[in-house]
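Enquirer: Sharing a structure below in structure tokens format, with a few things to ask.
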Amino acid sequence: MIIDIHKIPELTRKDFSSVPDVSQNPVKRFKCADIKINYYKNVKTASGEDYVFIAHSLVAFFNDKAKIAVSVEKQDLRALSQMLGVSLRELQKENNTRGLYSSGEVVMYSSGQKEEYGPLSVEEKEEYILPFLFDLLLDSIDYIEEVVPLD
């Protein structure tokens with residue numbers, strides 16, 4: 001999907017409860033042409049719901065308004081267990097993990113739209129995650145300009 005970042009409304013928690021909380025401090029900041037991009041790691045959702053854990057997220061801003069988020073989301077199996085009244089072990093078995101989180105799913109949010117890209121297909125290290133998320137983000141807004149770190 002191609003998104004016109006200049007025309008879409010601001011992305012808020014009213015659109016989707018699991019968008020990243022952009023009031024938290026980003027790990028890194030970038031600029032690409034006329035947009036700013038913040039990288040968040042282990043960030044909470046804007047709604048405060050605790051059953052979704054955002055492991056990594058790039059949020060694109062235009063005119064200081066969040067417009068698009070590309071995230072790697074995981075389900076917090078402990079919180080989900082309590083919410084659903086299902087045992088943690090049962091959820092771990094269902095998710096094929098011994099850990100407390102499900103495997104990462106890649107999701108893009110823009111105003112009123114959510115696109116799911118499926119399971120994370122790269123190793124979960126910053127050196128692989130950032131280029132992967134940047135590719136998705138910049139392809140979706142049809143930008144080819146260079147990304148410049150601000151920090």
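The values are calculated or read from the model by the stated rules, or taken from the named source; none is laboratory data. Keep in mind the model is a prediction, meaning the values are calculated, not measured. Cβ placement follows ideal geometry from the backbone for every residue including glycine, while neighbour counts extend to all protein chains displayed. The accessibility values were calculated without ligands, DNA or RNA, using every heavy atom of the protein model including side chains. Shrake-Rupley method; radii C 1.70, N 1.55, O 1.52, S 1.80 Å.
Enquirer: Take segment 104-121 and flag every residue that is open to solvent by less than 20 Å² (accessible area, probe 1.4 Å) and not in a strand (DSSP E or B).
Expert: GLY104
Enquirer: Would you point out the residue of segment 122-146, among those that are open to solvent by 40 Å² or more (accessible area, probe 1.4 Å) and of a type in the set (A, V, I, L, M, F, W, C), that is nearest to GLU105 (Cα to Cα)?
Expert: Per the stated criteria, the residue is VAL122.
Enquirer: Another one. For the condition in contact (Cβ under 8 Å) with a residue 60 or more places away in the chain and either of a type outside the set (Ser, Thr, Tyr) or within 19 Å of LYS28 (Cβ to Cβ) (or both), what is the one hit in GLU127, GLU105, GLU115, GLU123?
Expert: On inspection, the qualifying residue turns out to be GLU115.
Enquirer: Looking only at segment 36-54, how many residues end up being in contact with a Phe, Trp or Tyr (Cβ under 8 Å, 6 or more places away or on another chain), within 23 Å of VAL122 (Cβ to Cβ) and surrounded by 14 or more Cβ atoms within 10 Å (Cβ to Cβ)?
Expert: Total meeting the criteria: 5.
Enquirer: Oh, and also: Does LYS74 satisfy the condition of being out of contact with any Pro (no Cβ under 9 Å at 6 or more places or on another chain), in a strand (DSSP E or B), open to solvent by less than 80 Å² (accessible area, probe 1.4 Å) and of a type in the set (Lys, Arg)?
Expert: yes
Enquirer: What residue, of LYS7, LYS67, LYS14, is outside any loop (DSSP other than H, G, I, E, B) and either of a type outside the set (A, V, I, L, M, F, W, C) or touching a residue at least 60 places away in the same chain (Cβ under 8 Å) (or both)?
Expert: LYS67
Enquirer: For a quick check of your reading of the model, give me the residue pairs whose first member lies in segment 131-145 and is part of a loop (DSSP other than H, G, I, E, B), whose second is open to solvent by 30 Å² or more (accessible area, probe 1.4 Å), with beta-carbon atoms closer than 8 Å and at least 6 apart or on different chains.
Expert: The qualifying pairs are ASP142/ILE2; TYR143/ALA33; GLU145/ALA33.
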